[in-house]
Amino acid sequence: MAGWIKGDPLMGMLTRQPGIAISAATSKWIGDNLQYGFPLTHINFKNDYNPGMTDNNKNLALIAHPEIWIARLPDLRAYRQKLLTLLSCAEHTRCARYMQQDDRDRYLGGRALSKLAVAKLTGLPLADISITLATSGKPAIAFAKDEITAPAISISHAGELVVVALTYAADIGVDVELLHNDVNLDDLMGVVCSAKEITEVNRQDEKSRIQKFYEFWVLKEAYLKATGEGLSADARRLMFTVDDVSSVSLLQGLDNRPAHAWDFFLRLYDQRHVLALASRKTDVPELDDTRYTPTRCMPVFKDALSLLREYCSEK
């Protein structure tokens, strides 16, 4: 959808309650998000758990919350030459097809950051990590040893940001867009939004109207990346509502899964970019199971600069 705007690159709180035990994993998540200035909402502490599980007896630690790694274009430019060594031959060929250097850096950043983040998460050597593409274009992580379960992955880039999301036990999609104040909303809404969403956008003042449209846009791109449908689907058939504190509700999906199988996270990042994460759980109880309380699995935000420095400073 980003390609619809000329010049756009690629298509692409906590109150600690008495008597509540918080695991080390959640404590770290709280600290990471507060570091980036994100308000923490909808935490259900009774479902908190330690992620030190193993998969296929490989002692591969699973993450309790999705990870969102964020790299900035100036940092990717600075480390370009070393990061290029992480690309496969096919990735080098595809990277070279982009006409603009910034577009090449965004593509390079998405691939390189994905591999570095997965290596950090799993402890596996970079040589054992590759990225494959489904026929729909959806990326997936592949390991040299098939018996090791790989995390789901999603990549997005816009403006100055490259974003990579990782998680286990869910399908995941992430999208980031640079806010453009000079877009023709009426034209774009007719392609992206349902009638109900158009009404919600037009209910805002002019500044909020633009942001509200982008919120629907990134939510739909993130959803379609998670399902693997991408631009082949009619985004207008998807219906969301977003309240004043960026809490998201899915009113109508395109799959046959119940709405409570999905988690959504929406934020205005650095006042210039809108970011959305969509996560579809692979194992969800039926709603008539009274013991089940739907909860939001909030992401952990990670600045990629330290990861880039660590790799690029190696001999």
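Values computed for the structure shown
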quantity	calculated
Of the criteria (1) part of a helix (DSSP H, G or I); (2) within 22 Å of ASP103 (Cβ to Cβ); (3) not aromatic (Phe, Trp, Tyr), which one SER136 fails	(1)
Flag if LEU219 is under 20 Å from PRO258 (Cβ atoms), assigned to a helix (DSSP H, G or I) and out of contact with any Gly (no Cβ under 9 Å at 6 or more places or on another chain)	yes
Condition check for PRO151: closer than 30 Å to SER246 by Cα and assigned by TED's automatic domain parsing to the domain that holds PRO74	yes
Residue selected from region 166-192 under the condition part of a loop (DSSP other than H, G, I, E, B) and on the phi < 0 side of the Ramachandran plot, by the criterion surrounded by the most Cβ atoms within 10 Å (Cβ to Cβ)	TYR168
Condition broken by LEU83, with the remaining ones in (1) surrounded by fewer than 21 Cβ atoms within 10 Å (Cβ to Cβ); (2) more than 21 Å from the chain's Cα centre (by Cα); (3) farther than 24 Å from THR241 by Cα satisfied	(1)
First in region 200-213 and within 11 Å of VAL242 (Cα to Cα), second anywhere and among the acidic types (Asp, Glu), Cβ under 7 Å, 6 or more apart	LYS212/GLU200
Residue pairs meeting the criteria (Cβ under 8 Å; at least 6 apart or on separate chains; first within 18 Å of GLU177 (Cα to Cα), in region 103-115; second among the polar types (S, T, N, Q))	GLY110/SER156
Residues that are closer than 17 Å to ASP270 by Cβ and assigned to a strand (DSSP E or B), drawn from region 143-163	SER156, HIS157, ALA158, LEU161, VAL162, VAL163
Residues located in region 278-315, provided they are surrounded by 13 or more Cβ atoms within 10 Å (Cβ to Cβ), of a type in the set (Ser, Thr, Tyr) and modelled with pLDDT of 60 or more	SER279, TYR311
Top-ranked residue of region 193-205 - restricted to ones that are under 26 Å from the mean Cα position of the chain (by Cα) and in a helix (DSSP H, G or I), ranked as surrounded by the most Cβ atoms within 10 Å (Cβ to Cβ)	GLU197
Residue satisfying all of: in region 222-253; among the charged types (D, E, K, R) and assigned to a helix (DSSP H, G or I); surrounded by the most Cβ atoms within 10 Å (Cβ to Cβ) among these	LYS225
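The values are calculated or read from the model by the stated rules, or taken from the named source; none is laboratory data. What you see is a predicted model; the values in this text were computed from it and never measured. Heads up, the Cβs are rebuilt from the backbone with ideal geometry, glycines too, and the neighbour counts pull from every protein chain shown.
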